[in-house]
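Read the structure below first, then the notes.
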Amino acid sequence: MLRIAIMAFVGALIGWVTNYLAIKLIFRPHDPWRIPLIGISIQGLIPKRRAEIASSIGKTIEEQLLSTEDIVNRLVQGQNKRDIIWAIKHRVLKVTRDKIPSLIPSAIREAIVKKLASILDTELETMFNTMVEDTLEKAIARVDIEKMVEDKINSLDIAELEGMILDIASRELKHIELLGGVLGFLIGIIQGLLLLIIA
């Protein structure tokens with residue numbers, strides 16, 4: 001019985017240590033370690049393939065989560081659109097009031113501003129929609145979300161990137177470590193029982 005308990009403990013320790021090291025090797029070593037004589041270099045998966053991972057994340061975000069067109073459309077729809085149109089209208093009316101010479105009687109000035117406000121009320125939304133359609137393609141061509149995300153990930157310090165990933169997935173990674181210990185424990189018990197049966 002003692003032999004089974006020892007084997008279960010050793011199995012749990014091996015399982016936990018193996019998974020712990022496997023998780024650490026995802027990130028470390030940050031810089032390649034060259035093993036003398038055999039000429040093999042070891043580097044963590046994420047540091048070694050960071051550029052490829054950054055490119056893949058950027059591509060996924062742009063293609064499946066958040067395209068440039070989505071962002072531009074979101075900026076110029078709903079309440080944002082109403083706010084922009086309101087701001088344009090009030091700015092035009094203010095500039096018009098300020099620029100009409102003071103020698104023109106105030107009743108005529110107000111009539112001009114009122115007429116302009118009426119024109120803006122009927123025409124401004126159509127003008128705005130036309131402007132958005134004209135500039136949307138240019139904006140989409142200029143803004144490259146994939147490249148922005150890729151550059152941002154590549155510019156992060158590798159330790160900072162590791163910290164971000166660990167913050168997000170630390171609970172799941174701990175479960176993987178514990179699962180290694182549990183599986184090792186069970187394998188140790190099975191080995192011990194098999195040795196008892198064979199012996």
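Just tell me which lysines come within less than 29 Å, Cα to Cα, of Lys115; anything on the same chain fewer than 8 places away is out.
Within the straight-line limit of under 29 Å, Lys115 reaches these lysines: Lys81, Lys89, Lys94, Lys99.
Select from the chain the helices, each a whole stretch of DSSP H, whose alpha-carbon atoms run 18 Å or more along the helix axis and whose Kyte-Doolittle mean is at least 0.0; answer none if there are none.
Those that pass (Cα extent of 18 Å or more, hydropathy at least 0.0) are 2-27, 106-142, 158-198.
Please quote Rg/Rh for the chain to two decimal places, taking the Kirkwood radius as Rh and restricting both calculations to Cα atoms.
Here the Rg-to-Rh quotient is 1.38.
Treat the count of other C-beta atoms within 10 Å as a stand-in for reagent exposure and order Arg171, Arg28 from fewest to most. Walk me through the intermediate numbers first.
Working: Arg171 7, Arg28 19.
Exposure proxy ranking, most exposed first: Arg171, Arg28.
Can you show me the helix-derived [θ] at 222 nm for the chain, built from DSSP H runs with n ≥ 4 at -39,500 (n - 2.57) apiece and divided by the number of residues, rounded to the nearest 500.
My calculation for the chain gives -27500 deg cm²/dmol from helical runs alone.
Order 98-108, 126-136 from most to least packed using the mean count of other Cβ atoms within 10 Å.
Details: 98-108: 8.5, 126-136: 12.3.
Peptide ranking by packing, descending: 126-136, 98-108.
In Å and from the alpha-carbon atoms only, list the Rg and Dmax of the stretch 1-89.
26.1, 87
Using packing as a proxy for protection, rank 31-42, 14-25 so that the peptide with the highest average count of other Cβ atoms within 10 Å comes first.
The most tightly packed comes first, giving 14-25, 31-42.
Bear in mind that the values in this text are calculations on the coordinates, not laboratory data. Everything quoted here is computed from the prediction, not taken from an experiment. Using ideal geometry, Cβ is built from the backbone for each residue, glycine included, and neighbour counts are taken over all protein chains shown.
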